[in-house]
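Asker: The structure follows.
Each reported figure results from applying straightforward, stated rules to the coordinates on display, with no laboratory input. Source: prediction; values computed, not measured.
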Amino acid sequence: MKASYGNEKKEYRARKHVRTDCPIRSRCLGKSAQEKKFSVTYYREEYETLQGWRAHRAVT
């Protein structure tokens, strides 16, 4: 878990030798990257719910 600007996040990492058969691996990692790292907020579900609500409201 990592805190950034008060938002708690889960951080995921994968070494380059994992999933060597992935079809988008070269676009994801690039030529010199040794790992892929990304983080997801603990509140992702709430963000997605809000985005869906906003999209629905914009249509009506």
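Asker: Is the C-alpha gyration tensor of the chain telling us rounded, prolate or oblate? Criteria: a/c under 1.5 is rounded; beyond that, a/b larger than b/c is prolate, otherwise oblate.
Answerer: Judged from the Cα gyration tensor, the chain comes out oblate (a/c at least 1.5, b/c at or above a/b).
Asker: Under 13 Å between C-alpha atoms is the cut-off here; go through segment 2-59 and count lysine pairs that meet it, provided they're at least eight residues apart or on different chains.
Answerer: 7
Asker: Output the 0 to 90 degree angle, nearest 10, between the alpha-carbon long axis of helix 44-59 and the longest principal axis computed from the alpha carbons of the chain.
Answerer: Approximately 50 degrees, to the nearest ten.
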